[in-house]
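Peer 1: Please see the structure below; I have some questions.
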Amino acid sequence: MKAFDYEDIQLIPEMCIVKSRGECDTSIKLGKHTFKMPVVPANMATVVNEELCERLAERNYFYVMHRFNIDVINFVKKMKAKSLITSISVGVKTGDYEIVKDLKAQNLIPDYITIDIAHGHSLAVRDMIQHIRQQMGDQTFIIAGNVGTPSAVRDLEYWGADATKVGIGPGKVCITKLKTGFGTGGWQLSAVKWCSKAATKPIIADGGIRVNGDVAKSIRFGATIVMIGSLFAAHAESPGNTVEIDGELYKEFFGSASEFNKGEKRYVEGRKDVIKIRGSIFETLTEMEQDLQSSISYAGGNKLLDIRKVDYVILKDSNF
Ligand SMILES: NC(=O)C1=CN([C@@H]2O[C@H](COP(=O)(O)OP(=O)(O)OC[C@H]3O[C@@H](n4cnc5c(N)ncnc54)[C@H](OP(=O)(O)O)[C@@H]3O)[C@@H](O)[C@H]2O)C=CC1
Ligand SMILES: Nc1nc2c(ncn2[C@@H]2O[C@H](COP(=O)(O)O)[C@@H](O)[C@H]2O)c(=O)[nH]1
């Protein structure tokens, strides 16, 4: 089967209809809420923490809090007390079932719950979707993943997911492809394209974004939101540990399925990296917003989904 990835594609410009890129609207609706940008920092322990999620929510960016070593109940309580959007992650183990029950018992209904496991096309995800629906009814928007095929998207939607997250193995610190031989690493953009054609609900493209222009390409091929790890890690606000190498400051960035995150060497599918520290994540988000406004103007439109209308070429020197 022929496939392509981000670097294999260039979008083709259309006539500009705006006087300034400032007129281009990057906002996107997901569920009941409209967010400033179609991007979300990955729900990884070295990308977000409670404080950063709070600051993102205050500024109307979508966020997904990770599920590792945190008091989810307390987090939801704190965010609700400040009238901020609540967006958490769960797994599929007994403890995760208890968390959902406890939230319901305390009338703490999250706005968004992301079911976050490696192989999301799984009966375990079906059962967790059913459990969340049983406890929360339709009040919670359920994102389920990760998957990499149209049939997985169809199943997850049929089981009741409100959005599916696409991307198995394209991440910067992912070693799934090397360890298992499976995944969308190397053809993530094609996976987004094929999955979004099968989808009747939003798709979140997850992993493999290396430059800001990749966000526009994800939108072009059907993503509603783009989840980003490495590009959002190593900022002043990032939770990763700071390390000094040859007089330069770096932050640690490790996979959720790495030995460092799991605390044990069992089914490891992630590695640790270090990334040079940059400025504030909010400066990066502003630059990304401006670049996306430019993308919309090159698409000949003035709103985000105008990008979907443009044609594209597959570059002849690419891996494709
Ligand atoms: N997007 C991606 O490409 C990937 C992301 N990750 C991230 O790493 C974190 C940990 O993921 P994960 O290990 O799933 O979480 P968990 O350790 O919570 O595992 C979830 C459950 O599913 C089972 N499970 C896991 N993988 C498989 C599989 N391939 N086939 C059948 N059952 C499986 C596990 O059992 P058991 O452990 O006994 O098998 C466990 O009961 C998550 O945040 C995930 O998003 C991990 C890998 C790939
Ligand atoms: N295979 C693995 N994938 C992982 C792991 N931890 C996180 N992830 C995925 O990567 C993206 C971020 O990708 P990036 O290219 O933007 O850095 C993240 O959202 C997860 O889906 C892991 O340990 N193994």
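Peer 1: Given H placed 1.01 Å from N in the peptide plane, which residues other than close sequence neighbours of Phe141 have an amide H under 5 Å from its amide H?
Peer 2: Tyr112, Ile113
Peer 1: What would the Debye formula give as log10 I(q)/I(0) at q = 0.17, 0.23 Å⁻¹ for the alpha-carbon point model of the range 225-286, no solvent?
Peer 2: Debye intensities relative to I(0), on a log10 scale: -0.63, -0.95.
Peer 1: Can you compute the modelled spin-label distance between Leu315 and Asp71, with each label point 7 Å from Cα toward Cβ, in nm?
Peer 2: 5.0 nm
Peer 1: Place a point 7 Å from the Cα of Lys272 along the Cα-to-Cβ direction; which residues of the range 220-242 have their backbone N under 18 Å from it?
Peer 2: Residues 230, 233-235, 238-242 fall inside that zone.
Peer 1: Also: Could you compute the FRET efficiency for Glu283 and Lys201, with r as their C-beta to C-beta distance and R0 at 30 Å, rounded to 0.05?
Peer 2: 0.35
Peer 1: With axes computed from alpha carbons, what is the tilt in degrees of helix 72-81 against the longest principal axis of the chain, rounded to the nearest 10 within 0 to 90?
Peer 2: 70 degrees
Peer 1: What is the magnitude of the charge dipole of the chain about its Cα centre, with +1 placed on the Cβ of each Lys and Arg, -1 on the Cβ of each Asp and Glu, and no other charges, expressed in debye to the nearest 20?
Peer 2: 700 debye
Peer 1: Could you give the spread of the C-alpha atoms of the chain along their three principal axes, from largest to smallest, in whole angstroms?
Peer 2: Here the Cα extents, ordered largest to smallest, are 55, 50, 43 Å.
Peer 1: Right, something else. Just report the Cα centroid separation between the range 65-129 and the range 147-224, whole Å.
Peer 2: Using only Cα atoms, the two centres lie 22 Å from each other.
Peer 1: In a GNM of the chain with a 10 Å cut-off on Cα contacts, which of Thr200, Thr26, Thr94 has the highest mean-square fluctuation?
Peer 2: In the Gaussian network model the winner is Thr94.
Peer 1: Taking neighbour counts of Cβ atoms within 10 Å as a proxy for exposure, in what order, fewest first, do Tyr298, Tyr97 appear? Write down the numbers at each step before the final one.
Peer 2: Working: Tyr298 20, Tyr97 17.
Arranged by neighbour count, lowest to highest, Tyr298, Tyr97 become Tyr97, Tyr298.
Peer 1: Round to the nearest 10 and give me the degree value, 0 to 90, for the angle of helix 281-298's Cα axis relative to the longest principal axis of the chain.
Peer 2: Relative to the chain, helix 281-298 is tipped by roughly 40 degrees.
Peer 1: Taking 0.36 nm per residue of separation and subtracting the Cα-Cα distance, what length does fully extending Gln134 through Ala236 add? Before the final figure, lay out each step's value.
Peer 2: Details: separation 102, 0.36 × 102 = 36.72 nm, distance 4.01 nm.
Once the chain is fully extended between Gln134 and Ala236, it gains 32.7 nm.
Peer 1: Beyond 28 Å between alpha-carbons counts as too far, so tell me which of Lys36/Lys80; Lys165/Lys251; Lys201/Lys272; Lys32/Lys197; Lys165/Lys303 fall in that bin. Kindly include the intermediate steps, with their values, before the conclusion.
Peer 2: Details: Lys36/Lys80 20 Å; Lys165/Lys251 26 Å; Lys201/Lys272 34 Å; Lys32/Lys197 23 Å; Lys165/Lys303 23 Å.
As for pairs spanning more than 28 Å Cα to Cα, those are Lys201/Lys272.
Peer 1: Quick one: divide the alpha-carbon radius of gyration of the range 96-164 by 2.2 N^0.38 Å and tell me what you get. Can you show the working numbers first?
Peer 2: Details: Rg = 11.5 Å, N = 69, 2.2 N^0.38 = 11.0 Å.
Working it through for the range 96-164, the quotient is 1.05.
Peer 1: Enumerate by residue number the trypsin sites (Lys or Arg not before Pro) in the range 73-146 meeting two conditions: DSSP loop (anything except H, G, I, E, B), and at most 12 other Cβ atoms within 10 Å of the site's Cβ.
Peer 2: Values: sites: Lys77, Lys78, Lys80, Lys82, Lys93, Lys101, Lys104, Arg126, Arg133; in loops: Lys82, Lys93.
Filter output for the range 73-146: Lys82, Lys93.
Peer 1: OK, next. Among residues other than Gly91 whose Cβ falls under 11 Å from its Cβ, what is the net charge (Lys/Arg +1, Asp/Glu -1)? Before the final figure, lay out the partial values.
Peer 2: Numbers: positive: Arg67, Lys93; negative: Asp96, Asp116.
That sum, taken over residues with Cβ under 11 Å, equals 0.
Peer 1: Shifting gears a bit: Starting from 0.36 nm per residue, how many nanometres of slack lie between Leu123 and Lys93 once their C-alpha separation is accounted for?
Peer 2: Numbers: separation 30, 0.36 × 30 = 10.80 nm, distance 1.23 nm.
Value of the extension gain: 9.6 nm.
Peer 1: Share of Cα-Cα pairs in the range 1-91 beyond 19 Å, in percent?
Peer 2: Working: 2267 of 4095 pairs.
The proportion of pairs with Cα distances above 19 Å equals 55 percent.
Peer 1: Restricting the count to DSSP beta bridges whose residues both fall in the chain, what percent are antiparallel, rounded to a multiple of 5?
Peer 2: On the way: 16 of 40 bridges.
The answer is about 40 percent antiparallel.
Values in this text are rule-based calculations from the coordinates and carry no lab data. Quick caveat: nothing in here was measured; it's all calculated off a predicted structure. Counting neighbours? That spans all protein chains shown, and the Cβs are built from the backbone with ideal geometry, glycine included.
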